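Please read the structure below before turning to the comments.
No value in this document is a laboratory result; all are computed from the given coordinates. Just so you know, these numbers come straight off a predicted model, no measurement behind them. Every residue, glycine as well, gets a Cβ built from its backbone with ideal geometry; the counts of neighbours run over all protein chains shown.
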Amino acid sequence: MPLYWGQEGEPAMTKNPPETSRRNAFLHAHPWFAPQASAAELGSGQPVLLLDDTSGLLRSVSAMLNAAGVPAVIGETDPQRLPARLSEQGCGVLLVDASLPELEPEVLLARLSAEQPDLPVIVLTEAHDPEAAMRCLQAGAFDFLVKPVDRTRLLASVGRALEIRGLKHELASLTQTMLDDRLDHPEAFARLIAQDRSMRAACRYIEAIAPLSQPVLITGETGTGRKLLAQALHAVSGRPGACVMVEVGGMDERRFAETLFGHRPGLHAEAGQPQEGRIGAAADGTLVLLEVGELAPAAQQLLLNLLQERSFSPVGSGIVQECRARIVAISRHDLAHQADSGRLRKDLYYRLRAHHVHVPPLRSRRGDVPLLVEHFVARAVEALGKGDVHIPAGLYSLLRNHDFPGNVAELEAMAYDAVASHRSGGTLGLASFRHCVSSTPDAPPPPPPVQSLSQLFPDRLPTLKEAEAFLVAEALRRADNNQGIAAGLLGLTRQALNKRLVRGRQSSSH
């Protein structure tokens, strides 16, 4: 069944064994290997089970983990009862005191690795026994902590264990989803038309990652339906907030901050009221950033900070607010190439592509063309009231070798143009389609060579009107005629740029 396609989150250790000291030095030099556990990671709803025979350690560990958001810490004193306890109750992380009498930690770890391979086990060892810690790691322990337990190390280790276990479960779910050809939420993709395998795989991937909170990068050529996939992602996610789209291409630091973060009253002469940013409008929803590959370097830094900290401050305000929107980035560029060439920060690129969806161009899925033609012709007939119109038999032969540089949007425009020029009823003529195909270049023409104002006006200064016309033309050239990006390059709104273009056309016609 085809899919339908339309338009487009304390006490220090008294003494460390040598191995622990070396590892702590490594973690200090590479802090991303030992992040502070977040409340979201620790407060996962899964209890932590502590195998130990002293109530003091249980109280201490419980207090530290409860304060960080772990809902329950359960104690077990008998190693012989541990398998039954795990089977009955389950847990997210198991903490084991390696100094328990009659406990052989390596034997227990081997058994747990065989029976519960997904269960992370953190071993608590004595400071004077680093060899025992190393043996436990070799036997399959996730990590080890030295007693007395340091709060920072405990939270970081438990947080990492819960996060990695969650990622393993997500990967298993994702793998199962990708192997299944069915969609659980076909209604979310009701505006898509696609039976091509690559498109169906993209839709299944969207369903699999929709419940997650990490950023999503959607790449593809203009007109392929990237925005519709972002909207489908939001619909499947079940987020109660809105799906807000923002054209950020060409934005500098100031415009990016004011648009996304908002500003407080009185910062601008024209701003008598506080202005909410787009992040606030997308709270508990999805924020879609269009053409992130065109962001200015300073704006890239702001976006990176937002993704790292999940917080922001409105312009002119020192109040830090939480970002409760999921970030989806859309780009028509190869961002990996841009990161390699230095036009895009590499750290930003890797943050954005936590999940990556590439939308294939129409020329690589030609089997969808008949479905799309039928759909767009039917919509145009209904919208224009043309009666019962039939598609000519030779149309698909005509379109077979066309590359569709404008992709699905180009084919839709073809269909509407053909129906609009058709009288009513009967079979559509091919003339309109032939004209569109013959007048569409196989590749966009190269941009004209750049001329400076001094080259255009060697003997005099240009007037303000002439300088404005030059800047507008140059911005459009650099933006490949994308008015949203060109407006950002000029520091204008899209509406203001459009007014200047209309005014220029009117003056040139007189």
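Values computed for the structure shown
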quantity	calculated
Gap separating the Cα centres of the stretch 274-289 and the stretch 93-151, nearest whole Å	45 Å
Built amide H within the under 5 Å cut-off of His356, gap 5+	Leu217
Stretchable slack from Arg191 to Ser421, in nm (0.36 nm times residue separation minus alpha-carbon distance)	80.3 nm
Peptides ranked, highest mean first, by Cβ atoms within 10 Å: ranges 349-358, 90-99, 182-191	90-99, 349-358, 182-191
Ordering of 385-391, 247-253 by packing [mean C-beta count within 10 Å, highest first]	247-253, 385-391
Separation between Cα centres of the stretch 365-433 and the stretch 198-258, rounded to whole Å	28 Å
Estimated FRET transfer efficiency (Ala67, Glu253; beta-carbon r; R0 30 Å; 0.05)	0.20
Arg460-His333 FRET efficiency (beta carbon distance; Förster radius 41 Å; 0.05 resolution)	0.60
The stretch 413-420 - phi-based ³J(HN,Hα) in whole Hz, Karplus 6.51/-1.76/1.60, Gly and Pro as x	4, 4, 4, 5, 5, 5, 5, 5
Cleavage-rule hits (GluC sites (Glu not before Pro)) in the stretch 89-138: DSSP loop, at most 11 neighbouring Cβ within 10 angstrom	Glu102
Spherically averaged projected area of the stretch 363-439 from its Cα convex hull (nm²)	4.5 nm²
Arg59/Ser87 FRET efficiency (R0 35 Å; Cβ-Cβ; nearest 0.05)	0.85
Residue-wise HN-Hα coupling along the stretch 386-395, computed from phi with Karplus coefficients 6.51, -1.76, 1.60 (Hz; x: Gly, Pro)	9, x, 7, 10, 10, 8, x, 5, x, 5
